[in-house]
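Report on the following structure.
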Amino acid sequence: MELSAEAFEVELPWASGSVHSHEVPEHPCPACDTLLSHATAGEQRPEPGDFTICFTCAAPLKFTEDLQVVVLAGEDFAALPPGVQDDLNHVRSSILRFQARREDGRAAP
């Protein structure tokens, strides 16, 4: 499934420009067990310490040294700049709204 910021009705200043899907080692989301194999970002591949969000359950995640993910701990989230926290919360809310619309049949799978 191809997803875009437009699908989630998200406007983020740091998400402008090219968006690429990067292959990462296959592993389950620690929150919902969805199999993860790609990370969507700008031109740079994800690096250890970067964060992402599961498109299935909207869990905030952090990449480990071997590019697996763990749930972003509360203290890690609190250490992020307030604007980044707001952006993450906005994207998470958008994913949850998109998933709800899809479950109701109002969004294409």
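The values are calculated or read from the model by the stated rules, or taken from the named source; none is laboratory data. Keep in mind that what you see is a predicted model, and the values were worked out from it rather than measured. Backbone-built Cβ (ideal geometry, glycine too); neighbour counts: all protein chains shown.
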- Message: Take the residues in segment 60-109 that are of a type in the set (Asp, Glu) and under 15 Å from the mean Cα position of the chain (by Cα); name whichever of them is farthest from GLN44 (Cα to Cα).
- Response: ASP86
- Restricting attention to segment 34-62, which residues are under 21 Å from SER94 (Cα atoms), in contact with a strand residue (DSSP E or B) (Cβ under 8 Å, 6 or more places away or on another chain) and among the polar types (S, T, N, Q)? THR34, THR40, THR52
- Query: What number of residues in segment 63-98 are touching a strand residue (DSSP E or B) at 6+ places or on another chain (Cβ under 9 Å), charged (D, E, K, R) and surrounded by fewer than 13 Cβ atoms within 10 Å (Cβ to Cβ)?
  - Reply: 1
- Task: Kindly provide the set of residues from segment 48-59 that are assigned to a loop (DSSP other than H, G, I, E, B) and either among the aromatic types (Phe, Trp, Tyr) or in contact with a Phe, Trp or Tyr (Cβ under 7 Å, 6 or more places away or on another chain) (or both), ordered by number.
- Result: PRO48, GLY49, ASP50, PHE55
- Only one residue in GLU75, GLU65, GLU26 is more than 19 Å from SER94 (Cα to Cα), part of a strand (DSSP E or B) and at pLDDT 90 or above. Which one? GLU26
- Message: Residue pairs, Cβ under 7 Å, 6 or more apart or interchain, first in segment 72-100 and on the phi > 0 side of the Ramachandran plot, second loosely packed, with under 15 Cβ neighbours inside 10 Å and among the aliphatic types (A, V, I, L, M). List them.
- Response: none
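Within segment 40-53, can one find any residue that is exposed (fewer than 13 other Cβ atoms within 10 Å of the Cβ), touching a His at 6+ places or on another chain (Cβ under 9 Å) and modelled with pLDDT under 90?
yes
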- Consider ALA107 carefully, then state whether it is touching a helix residue (DSSP H, G or I) at 6+ places or on another chain (Cβ under 8 Å), surrounded by 10 or more Cβ atoms within 10 Å (Cβ to Cβ), modelled with pLDDT under 80 and outside any loop (DSSP other than H, G, I, E, B). no
- Is it true that some residue in segment 84-99 is of a type in the set (A, V, I, L, M) and in a loop (DSSP other than H, G, I, E, B)? no
